Amino acid sequence: MLDLQRLRALHAVSVHGTVGAAAAALGFTPSAVSQQIAKLERETRTVLLEREGRGVRLTDEAWQLAESAAELLAIVERAETRLEERRGVPSGRLTIAAFASAARGLLPSVLADLAVRHPGLDARLTEVDPHLSVDLVAKGAVDLVVAHDWDIAPLPAPAGVEQAPVGEDLCDLLVPEGHRFAGRTAVRRDELGGERWICQPPGRVCHDWLMRTLRGAGHEPDIVHQADENPTLVALVAAGLGVALIPRLGRGPLPAGVVEVPLDPMPVRRLYALWRTGAARRPAIAETVRTLRAHWPTVAARTSPPRQAAAHA
């Protein structure tokens, strides 16, 4: 008899690509995941993982077993959903994946609210890039995703995944104090040519949006500095090294030397909750989505400080 937890560990490695990433998603240590898979190898008398450089790769037999594991886990999820639905109370473990600024600016208050009102619900958060998180929920690696898209780059939802809007996050141009835009009440997109840009690396949603927007306005972006985290981008702007386009959610107070200037039209980042269709009736999913949407107006109001640009007008 194959052990379901060991199959879950193998499935997680197949989805996340490494033992470490699978362990983080499952809430285990890497050694615990390795031990589960080693036991599964002994049970099946099959080599499942092979060393490849500093990491591992799944053997052909492991991929076949991982596919079967995904089917079994889907059956278990349906059974758990039916039981939770009969109880009518959010309960059990709920794994949530969210992009960095949502994990920092929105999820803490949501998770705290859920913990107080539903003590039987074990909600667990993992920070994941939105490009990856949608695939994770589709494959059953997480239960719920908070992802985002931009007004000119809609987020596709794969088959078998449902989504609901959470809110709209506005985005501002951040410039160093003394910059030519620092005293403006608004800046048009066609005025952005010739700037030195600070942004996230290629492949990130924000980077792709910036490239498409500037090229659409007839400007080839000159990207001089790249960093993953928004606080790093803001620090680079504060040092006078360029300008950046940064959403308000999770941004925090701006340091001295940085001026917030609105663009016209203002860029909008839309937040969504996504989950698998098979789990749509689960009370934990419905309640978490409701709580996300209920908390968004307060979060949006908190992330809309008085315009710094007006002080420089």
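The values are calculated or read from the model by the stated rules, or taken from the named source; none is laboratory data. Remember, predicted model here, so these are calculated numbers, not experimental data. All Cβ positions, even for glycine, are placed from backbone atoms using ideal geometry, and neighbour counts span all protein chains on display. In case anyone asks, the SASA skips ligands and DNA or RNA and just uses the protein heavy atoms, side chains included. Shrake-Rupley method; radii C 1.70, N 1.55, O 1.52, S 1.80 Å.
Brief remarks on what is shown
- Inter-residue pairs, beta-carbon under 8 Å, first touching a residue at least 24 places away in the same chain (Cβ under 8 Å) and in segment 54-69, second among the basic types (Lys, Arg) and open to solvent by 20 Å² or more (accessible area, probe 1.4 Å), 6+ apart: Ala69/Arg8
- For Trp150: the one exception among (1) open to solvent by less than 10 Å² (accessible area, probe 1.4 Å); (2) modelled with pLDDT of 90 or more; (3) under 30 Å from Arg189 (Cβ atoms): (2)
- Some residue of segment 271-284 being more than 25 Å from Ala157 (Cα to Cα) and in a loop (DSSP other than H, G, I, E, B): no
- Against the test of being surrounded by 21 or more Cβ atoms within 10 Å (Cβ to Cβ) and either modelled with pLDDT of 95 or more or not polar (S, T, N, Q) (or both), the options Arg204, Arg276 yield a single qualifying residue, Arg276.
- Of the criteria (1) farther than 30 Å from Leu72 by Cα; (2) open to solvent by 20 Å² or more (accessible area, probe 1.4 Å), which one Leu214 fails: (2)
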